[in-house]
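Chemist: Below: one structure in structure tokens.
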Amino acid sequence: EVQVDPRTIIMKEKVVAEDTSSITTTDSGDLTTTTSSFNLPPKLVEDWCSAPKSFPLPYRDCKNKDIVNSIPLYGGLTNTLKMLLLGAILSFEEDRCFVIDESTSALPKRVDPANLFNTTFLERYFEPIGLSPSDDIVKEAKEVQARDWKESLGLETQSSSDDIVKEAKEVQARDWKESWDWKHNRRVFRQRDTIHSLGLINAHGHDLKRHVLKRMWRPLPQVRDRTCSKLEQLFNGSIQDYIAFSVRRGDKFELEHFEFATANQYITAAEKAIVNQFNGHVPIIFVATDDCSIMDEFHTLRPNWTFVSECSSDQKQIDGFRLTDMSQWTHDDTDTHFHKFFVELFAMAAAKYFIGVIYTNVTWWVLFMRSSSEGNDDKKDFEILKTPGTENREGIDYW
């Protein structure tokens with residue numbers, strides 16, 4: 001568990017005003033929630049199908065308000081969330097507020113203007129993360145930087161030079177490579193950090209990421225309810241523990257040139273888990289995949305096992321997710337894809353045993369959605385498969 005400084009006061013009024021009927025506060029400032037109505041395995045209900053148990057992050061409480069970090073978004077959703085999580089931790093360590101920059105992200109870009117969103121991409125699915133660009137703190141930081149920039153050039157503070165003003169009013173952009181620095185900012189396995197602005201003392205790197213993730217990544221109530229309703233259908237009333245597979249294909253071979261994990265690799269890993277974790281009883285296997293053709297392979301290899309997934313009969317020819325395809329998507333295409341993905345993320349996060357692959361950020365993100373404690377054996381409830389071409393990839397000690 002992450003140790004929280006008892007002197008840190010988290011104000012109750014910071015609770016996002018959603019799901020208020022299911023939220024109460026305790027004297028300690030923690031949140032408690034009423035029992036979810038979803039008939040699902042208890043871990044799913046507890047961790048992801050109930051209103052959040054903790055307060056959102058205190059985005060406006062930074063002491064250093066003269067400089068606001070700007071966190072750019074890159075890549076697909078889980079790569080975006082990974083860098084956003086690390087950038088948020090860095091910002092709280094520096095005691096700076098931060099704002100998100102989607103201007104270079106592929107997630108909201110569409111060829112047809114009719115398919116653009118009337119919100120940011122993240123706001124479509126999640127509670128606010130960071131400050132809004134229209135927040136007074138962001139505006140004031142821009143004004144301070146504009147003044148300091150002009151003074152450093154010996155210009156009058158009322159200079160009308162458009163070029164100077166445009167450059168000066170940028171908040172401080174943080175390159176994603178800075179957050180990925182393994183020496184400190186990546187918050188690796190055995191690293192310990194104290195984040196005074198969050199009252200976190202000597203926290204293990206992986207537990208720190210889990211703690212901040214739960215307070216930062218908060219699907220909107222309607223997104224959560226839709227996701228959990230679909231999971232209820234897929235599990236068909238079962239509340240038993242299960243295994244989850246993560247299968248990623250699509251553009252990974254084209255872009256990064258390694259072999260995909262085979263269906264046999266997943267089955268072999270599952271058979272070990274069935275012996276060690278399920279006393280030899282074969283549980284439901286939830287399959288999260290961007291390539292539904294693999295379902296036939298699993299059914300052929302183990303016809304007596306129960307596999308469930310978001311795949312339907314008309315999706316079997318899909319050959320995986322490609323980020324470049326998103327520019328052509330309609331609103332319905334986007335919502336269909338990401339609601340499927342949220343179902344998969346929730347299921348993978350709450351599985352008793354998770355089997356993923358090392359070559360996708362999905363595995364990285366799911367690892368920190370899961371409630372494993374670094375104080376225990378962090379590897380006992382999951383296995384990460386490797387394939388030819390991934391031999392030199394960093395292991396989870398550097399995640």
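Chemist: I need the calculated FRET efficiency for the pair Ser103 and Thr300, taking r as the beta carbon distance and R₀ as 51 Å, to the nearest 0.05. Write out the running numbers ahead of the final one.
Modeler: Details: r = 46 Å, r/R0 = 0.90.
Efficiency at R0 = 51 Å is approximately 0.65.
Chemist: If Lys and Arg each add +1 and Asp and Glu each add -1, what is the summed charge of the other residues whose beta carbon sits under 12 Å from the beta carbon of Gln265?
Modeler: Working: positive: Lys272, Lys386; negative: Glu259, Glu271, Glu297, Glu383.
With Lys, Arg at +1 and Asp, Glu at -1, the neighbours total -2.
Chemist: Among Thr120, Thr363, what's the order by accessible area (1.4 angstrom probe), most exposed first? Could you put the intermediate results ahead of the total?
Modeler: Values: Thr120 55, Thr363 0 Å².
Highest to lowest solvent-accessible surface, that is Thr120, Thr363.
Chemist: Also, I was wondering about something else. Between Leu385 and residues 5 or more places away or on another chain, which pairs have amide H atoms under 5 Å apart, with H built 1.01 Å from N, and which residues are they?
Modeler: Counting only residues 5 or more places away or on other chains, the set is Gly356, Val357, Ile358.
Chemist: Over the Cα atoms of the stretch 188-300, what Rg and Dmax result, in angstrom?
Modeler: Expressed in Å, the Cα Rg and Dmax of the stretch 188-300 come to 18.7, 54.
Chemist: Considering amide H positions built from the backbone, and no H for Pro or chain starts, which residues 5 or more places from Lys352, or on another chain, come under 5 Å of its amide H?
Modeler: So Lys352 has HN proximity to Tyr242.
Chemist: Let me ask something additional. Can you give me the distance in nm between label points at Ala114 and Ser238, each placed 7 Å from the Cα along the Cα-to-Cβ direction?
Modeler: 4.3 nm
The values are calculated or read from the model by the stated rules, or taken from the named source; none is laboratory data. What you see is a predicted model, and the numbers here were worked out from it, not measured in a lab. Cβ: placed from backbone, ideal geometry, glycine included. Neighbour counts: every protein chain shown. The area values use the complete protein model at the heavy-atom level, side chains included, leaving out ligands, DNA and RNA. Shrake-Rupley method; radii C 1.70, N 1.55, O 1.52, S 1.80 Å.
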